[in-house]
Amino acid sequence: MIVLKLKDIDKFDSNKGERRLLVVCNPCASWNFSEKNLKDISEKLNAEVSRQVMVCNYKISGIDSIAYDKIFGLMCGAGVQVLAEILGREVIPIVDTLGIGVKKNSEVEIYCSGCGNCRLEETLSICTVARCAKSLANGPCGGVHDAKCEVDNKECVWISVYEKAKSLDRIDDLLKNQ
């Protein structure tokens, strides 16, 4: 699923005289944010909410864009662009698109950056670009201590790749590709 990060919405002052609409695209928004989060965001923006399904597929319904002074988009960057194109006006994104991720123990982790240069076949199906804090593609840096990354203190993804190669008896293949 696409991983979204909320921008600093305090910068979008909530002018009480304006009619504002927050367009929420599902399933991505509900995967990233709880119902309570979405309610708090709409209240902070002083905006009505329109829930849409997969805006990126050019699917929207029931939005009278002329009725609103500002329209905010809680969706990926592609969705914001599509919505603006359909409505013929500016849509203000309130989230940043970080990548493609998974939920692991209730935590969202980015597993793919959508870089356009997939090398999973070289790293035993583990994306080192997305999962390494430094996006290193050719092996670990010198900052690994006790198998932990010096940047985010998570397990070094390159240690994971090595351990997988070792368990599959593929160390030679791994070294050949680096």
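Here are the numbers for the structure shown:
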| quantity | calculated |
| --- | --- |
| Neighbourhood charge, 13 Å Cβ-Cβ cut-off, centred on Asn138 and excluding it, Lys, Arg +1 and Asp, Glu -1 | +2 |
| Helix 77-87 vs. the chain, principal-axis angle (Cα, 0 to 90°, nearest 10) | 20 |
| Distance between modelled label sites at Lys59 and Ala78, nm, 7 Å Cα→Cβ extension | 1.4 |
| Loop chymotrypsin sites (Phe, Trp or Tyr not before Pro), the stretch 1-106 (other Cβ atoms within 10 Å of the site Cβ: 15 or fewer; DSSP) | Tyr58 |
| Above-threshold pairs, the threshold being 31 Å between Cα atoms, out of Lys7/Lys134; Lys7/Lys59; Lys70/Lys134; Lys5/Lys154; Lys39/Lys148; Lys36/Lys148 | Lys70/Lys134; Lys39/Lys148; Lys36/Lys148 |
| The stretch 3-79: C-alpha gyration tensor shape, a/c 1.5 cut-off, then a/b vs b/c | oblate |
| Crossing angle, helix 157-167 versus the chain [Cα axis fit, 0-90 degrees, rounded to tens] | 50 |
| Residues Glu43 and Lys7, FRET efficiency given R0 of 22 Å [Cβ-Cβ distance, rounded to 0.05] | 0.85 |
| Ellipticity estimate at 222 nm from DSSP helix runs (n ≥ 4, -39,500 (n - 2.57)) divided over the chain, nearest 500 | -7500 deg cm²/dmol |
| The stretch 88-109-the stretch 8-36 distance, computed between alpha-carbon centres (Å) | 13 |
| Stokes-Einstein D for the stretch 117-177, Kirkwood Rh over Cα pairs, 10 °C, 1.306 mPa s (µm²/s) | 137 |
| Mean separation of Cα contacts under 8 Å (6+ apart) over length of the chain, as relative contact order % | 19 |
| Hull shadow area, averaged, the chain [alpha-carbon convex hull, nm²] | 12.3 |
| Nearest-ten-degree value, helix 35-45 long axis tilted from longest Cα axis of the chain | 50 |
| Near-label residues of the stretch 1-15 by backbone N, under 19 Å of a point 7 Å along Cα→Cβ of Lys103 | 1-6 |
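Read-outs throughout are calculated quantities, based only on the coordinates presented, and are distinct from any laboratory measurement. Please read these numbers as outputs of a predicted model, since none were measured by experiment. Positions of Cβ are generated from backbone atoms using ideal geometry, with glycine treated the same way; all protein chains shown enter the neighbour counts.
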